[in-house]
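The values are calculated or read from the model by the stated rules, or taken from the named source; none is laboratory data. In this text the structure is predicted, and so the values were computed from the model without any measurement. When we count neighbours, we look across all protein chains shown, and the Cβ atoms used for this are built from the backbone with ideal geometry, even at glycine. Each accessible area value is taken on the protein alone, full model and side chains, heavy atoms only, with ligands, DNA and RNA left out. Shrake-Rupley method; radii C 1.70, N 1.55, O 1.52, S 1.80 Å.
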Amino acid sequence: MSAQLNPDRTEWDVIVIGGGPPGEIAAQYATQFSGLEAVIVEQELLGGECSFWACMPSKGLLRPVELVSNSRDLHGVTGARLDVQAVLDRRDKIVNHHDDTSQVDWATGAGIDVVRGRGRLAGEKTVTVDGRTLTARHAVVLATGTRASVPPIDGLREARPWTSRDATNVHEIPRRIVIVGGGVVSCEAATWFRGLGAEEVTIVEGSERLLSKNEPFAGEIVAAAFADSGVTVRTKTRVTDVARPVVNDNGEGLIHGGEVTVTLSDGSTVTADEILVAAGRTPNSDDLGLETVGLEPKGFVDVDEHLTVPGIDWLYVVGDLNGKALLTHMGKYQARIAGDVIADRAAGNAARQHDHAIVPQVTFTDPEVGSAGLTEAQARDAGLDVSVAEYDMAALAGTYLVRDHYTGRAKLVLDGDRLVGATFVGTGIAELVHSATVAIQAKVPLGELWHAVPSYPTISEVWLRLLETIDSQRRGK
């Protein structure tokens with residue numbers, strides 16, 4: 001970690017608290033064409049959660065697992081295996097061994113200063129960093145993100161559970177692991193732990209299915225794939241108690257160690273070597289000084305369509321902290337808007353952009369789950385004129401070539417003749433999500449989508465099959 005930069009300076013045009021991707025992009029867009037000066041205040045590593053503890057290391061663990069899974073299901077390919085230590089070593093390289101020098105070099109090369117330490121609001125356009133006071137001429141941007149939530153389950157905290165940070169930076173694969181939660185983090189972690197050699201992986205989820213925010217078939221297909229791979233999924237089940245023995249650490253004090261026993265709501269127990277909590281996120285707003293500007297120091301921070309806090313025209317919130325969409329790419333999108341708005345307002349111009357994008361997402365399980373826009377249930381709740389079309393992804397020539405036993409499904413959600421949602425499940429569908437995002441965001445009419453010809457034989461041919469399904473349904477065939 002490099003030393004603190006600009007130790008004596010106290011004033012900039014823009015101060016950004018939080019150096020993850022949204023904070024970096026907000027600083028960049030506010031300054032790159034405007035002549036404004038910005039500083040990023042970061043207490044950990046510049047690059048944030050995504051670069052060092054979330055998106056990048058997790059995908060570094062998942063990609064080798066995916067490749068081996070595909071090769072084992074393709075006749076004519078033999079000998080595919082994983083070198084677990086090499087996979088972990090590559091993960092360490094991806095996160096630069098937790099050294100953010102290259103990120104700092106990028107910031108300073110772009111003319112953005114960096115101050116190390118914990119930043120807190122201290123009044124109008126004022127930020128304190130470990131006793132040092134900084135002042136913003138135009139704007140303060142909050143980009144402090146979220147942290148893993150640990151639910152109030154008896155014995156859970158005392159059992160020293162892993163969170164997502166521990167899981168993505170694991171150095172030894174446990175033989176047995178229990179994962180609390182059935183969302184994206186849980187399902188991805190179960191995929192790489194099982195793929196990298198964990199013998200017993202158990203997911204405990206309180207709701208009826210995995211990935212409950214997606215179309216129902218997404219969680220069902222992933223659960224079936226888990227069953228085939230040896231992952232145990234316990235839905236409609238809660239963890240009620242966690243116990244781990246207390247041992248003496250060579251006379252240096254009592255610690256919790258050894259195997260963990262997890263008691264479930266049906267009275268059964270699961271014994272494991274580690275327990276991973278993947279049960280949601282908590283916004284980092286409780287020690288941010290929000291009360292100094294009249295805001296409640298807890299929860300997500302509300303913003304308007306320009307990412308400005310209502311009633312405080314100099315204060316912006318981007319990324320997970322505003323609760324709009326807890327995804328890195330959406331935080332970066334918001335940061336681009338906020339940066340442009342800051343530059344426009346500083347120049348005395350009207351703000352040019354509005355926050356109105358749909359939300360795309362990919363869950364990198366095996367098979368993958370990708371979506372953009374609304375699910376059918378969300379569209380119906382919104383009162384839209386809903387119709388849907390579904391198609392078996394395994395019926396495509398392109399997927400037949402991808403692997404021998406392809407499993408997947410696709411679904412479009414329509415409001416009249418306008419596409420408002422799409423979901424794809426299957427190997428290699430991640431790159432389909434952007435075409436759906438473009439079609440939904442640009443409000444491309446169905447008639448025009450017919451002329452967007454998919455290449456043959458590719459997975460994207462599913463678009464043609466879905467359009468044909470819609471046509472058949474409307475013709476009553």
Completion exercise
The simple spin-label model distance between Gln441 and Glu259, using points 7 Å out along Cα→Cβ, in nm, is 5.0
Fill in the blank from the handout: Restricting to Cα pairs under 8 Å and 6 or more apart, the percent relative contact order of the chain works out to 15
Exercise for the section: Show that you can apply the helix-only estimate: for the chain, add -39,500 (n - 2.57) for every DSSP H stretch of four or more residues, divide by all residues, and state [θ] at 222 nm to the nearest 500. Expected result: -9000 deg cm²/dmol
Handout entry: 14 Å beta-carbon shell around His405, net charge (K/R +1, D/E -1)
Key = -3
Practice task
For region 276-413, evaluate the Debye formula with one uniform point scatterer on each Cα (no solvent term) and list log10 I(q)/I(0) at q = 0.11, 0.13 Å⁻¹, rounded to two decimals.
Solution key: -0.62, -0.79
Exercise for the section: Treating cross-link reach as a plain straight distance, find the lysines whose alpha-carbon is under 16 Å from the alpha-carbon of Lys236, omitting any fewer than eight places away in the same chain. Expected result: Lys213
Practice task
Just the number, please: percent antiparallel of the DSSP beta bridges in the chain, rounded to the nearest 5.
Solution key: 60
Handout entry: Projected label distance in nm at Ala347 and Ala382, using a 7 Å step from Cα toward the beta-carbon
Key = 3.3
Fill in the blank from the handout: Shape descriptors of the chain over alpha-carbon atoms, Rg and Dmax in angstrom, are 24.1, 78
Exercise for the section: Could you give log10 I(q)/I(0) at q = 0.12 Å⁻¹ for region 144-283, computed by the Debye formula over C-alpha point scatterers of equal weight, without solvent? Expected result: -0.46
Completion exercise
Here, Glu468 and Ser268, labelled 7 Å along Cα→Cβ, have an inter-label distance in nm of 4.3
Completion exercise
Sorted by chain and number, the residues with a modelled amide H under 5 Å from that of Gly299, at a separation of 5 or more or across chains, are Ser285
Problem - Table column - 3J(HN,Hα) (Hz), region 222-227, Karplus curve with 6.51, -1.76, 1.60, x for Gly and Pro - result: 5, 4, 5, 5, 4, 4
Handout entry: Where GluC sites (Glu not before Pro) fall in DSSP loop in region 167-223, at most 13 other Cβ within 10 Å
Key = Glu172, Glu199, Glu208
Completion exercise
So the FRET efficiency between Asp304 and Ser149, C-beta based with R0 = 35 Å and rounded to 0.05, is 0.85
Practice task
Lys and Arg at +1, Asp and Glu at -1: add these up for the other residues within a Cβ distance under 11 Å of Val359 and post the number.
Solution key: +2
Practice task
Compute the signed sum of charges (Lys and Arg +1, Asp and Glu -1) over the other residues within less than 11 Å, Cβ to Cβ, of Thr375.
Solution key: 0
Fill in the blank from the handout: In whole Hz, the Karplus estimates of ³J(HN,Hα) for region 37-44 (6.51, -1.76, 1.60; θ = phi - 60°; x where Gly or Pro) are 10, 9, 9, 9, 9, 9, 8, 10
Problem - Under Karplus coefficients 6.51, -1.76 and 1.60, residue-wise ³J(HN,Hα) of region 391-406 in Hz, glycine/proline x - result: 8, 7, 4, 5, 8, 8, 5, x, 6, 4, 7, 6, 7, 6, 10, 5
Fill in the blank from the handout: Counting only protein heavy atoms and leaving out ligands, DNA and RNA, the solvent-accessible surface of Lys125 at a 1.4 Å probe, in Å² to the nearest 10, equals 50
